[in-house]
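Participant: Take this structure, written in structure tokens, and hold onto it; I'll ask about it next.
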Amino acid sequence: MTIEFKNVTKKVRLGAIRVTYENLNIRVEETARVAFLGRAEAGMEAIVNLICSADAPDRGTVTRTHSISWAIPGSHCVQKHLPLAASARFIARLYEVDEAAFTAKVSEVAALGDFVNTRGDRCPKEVLSRFCFSVGISLPFEQYVLTSVSAGSKDDRPRFAAIVEELGQRAGILLVTQDAKSALQFCDQAYVFDEGRATFFDEMEAAAEYFNSIEAKEMDEEDFFDSDPELEGLVNSDF
């Protein structure tokens, strides 16, 4: 079972981001641990939307033959005027899992304590972060799309890193990030997105090296244009 892009063309227009992917071909197996490495300028949000069926390609096809999560963590699962427990129960009903068991699991993983019965808009940010992450990973998907491998405060990072590692032992992981270090830790393969292309690497070390070289090159170019306001103005002009 797979996620597969076949000859996909997608024009990405997200704020200042302008990039077009043409004839994009990607294949992610169900149990694979794959990183999608790309800077913000690569339009990774649009790629995630294609994977999760939140958007459609301009041309080509995106095929999904197994269950895929939304992009985790995602704040859409929080109803700000309701207690966190109510939000968890709603997600449980939506995905047809036992409400009590799911809410208890989310509360435990997120270490909610008394905040489980607190309105979303009255919870500290680190509590909401843990809740949003835990809701997604507590559902029985066959592939988890992650845009972060951490939640909560700095002290929570080791615990959630262990959770993600365990997740990768029983399901597929698709980590969409510009953090090559995290990709090296949790993934075995990668696609690197740059200038409308996706380059596949079956070794993470090679993918990280290539991605870091892209970052270094772009930082050098930014420094060059920042030193000359006239050139910067020309680059940012919409001809």
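Every residue, every condition in (1) of a type in the set (Phe, Trp, Tyr); (2) exposed (fewer than 15 other Cβ atoms within 10 Å of the Cβ); (3) touching a Cys at 6+ places or on another chain (Cβ under 7 Å), yes or no:
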| site | (1), (2), (3) |
| --- | --- |
| 128 | no, no, no |
| 153 | no, yes, no |
| 176 | no, no, no |
| 182 | no, no, no |
| 193 | yes, no, no |
| 203 | no, yes, no |
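Participant: Hey, another quick one. Could you tell me how many of the residues in the range 85-108 are of a type outside the set (Phe, Trp, Tyr) and touching a Lys or Arg at 6+ places or on another chain (Cβ under 8 Å)?
Facilitator: To start, the set of residues in the range 85-108 that are of a type outside the set (Phe, Trp, Tyr) comprises 85-89, 91-94, 96-101, 103-108.
Retained after the next criterion (residues that are touching a Lys or Arg at 6+ places or on another chain (Cβ under 8 Å)): 99, 103.
Within the range 85-108, residues that are of a type outside the set (Phe, Trp, Tyr) and touching a Lys or Arg at 6+ places or on another chain (Cβ under 8 Å) number 2.
Participant: Would you tally the residues in the range 92-118 being closer than 17 Å to residue 74 by Cα and either surrounded by fewer than 20 Cβ atoms within 10 Å (Cβ to Cβ) or small (Gly, Ala, Ser) (or both)?
Facilitator: The number of residues fulfilling the criteria is 6.
Participant: If you don't mind, there's one more thing I want to ask. For residues that are of a type in the set (Gly, Ala, Ser), part of a helix (DSSP H, G or I) and surrounded by 18 or more Cβ atoms within 10 Å (Cβ to Cβ), scanning just the range 40-67, find the one that is modelled with the lowest pLDDT. So that I can check it myself, show each step before the final result.
Facilitator: In the first step, residues of the range 40-67 are kept if they are of a type in the set (Gly, Ala, Ser); the result is 40, 42-43, 46, 53-54, 56, 60, 67.
Next, only the ones that are part of a helix (DSSP H, G or I) stay: 40, 42, 46.
Now narrow it down to the ones that are surrounded by 18 or more Cβ atoms within 10 Å (Cβ to Cβ): 42, 46.
Values: 42: 88, 46: 91.
Applying the filter and picking the extreme gives 42.
Participant: Given the conditions (1) touching a Lys or Arg at 6+ places or on another chain (Cβ under 9 Å); (2) modelled with pLDDT under 95; (3) in a helix (DSSP H, G or I); (4) farther than 26 Å from residue 10 by Cα, which single one is not true for residue 214?
Facilitator: Among (1) touching a Lys or Arg at 6+ places or on another chain (Cβ under 9 Å); (2) modelled with pLDDT under 95; (3) in a helix (DSSP H, G or I); (4) farther than 26 Å from residue 10 by Cα, residue 214 violates only (4).
Participant: Could you please give the count of residues in the range 28-39 that are modelled with pLDDT of 95 or more and surrounded by fewer than 18 Cβ atoms within 10 Å (Cβ to Cβ)?
Facilitator: Residues in the range 28-39 being modelled with pLDDT of 95 or more and surrounded by fewer than 18 Cβ atoms within 10 Å (Cβ to Cβ): 0 in total.
Participant: Scan the range 4-20 and report the pairs whose first residue is under 15 Å from residue 39 (Cα atoms) and whose second residue is part of a loop (DSSP other than H, G, I, E, B), with Cβ atoms within less than 8 Å and a gap of 6+ or a chain change.
Facilitator: So the pair list comes out as 12/43; 14/43; 17/43; 19/43; 19/195; 19/196; 20/196.
The values are calculated or read from the model by the stated rules, or taken from the named source; none is laboratory data. Because the structure is a prediction, the values reported are computed rather than measured. Note that we place each Cβ from the backbone using ideal geometry, even for glycine, and neighbour counts take in every protein chain shown.
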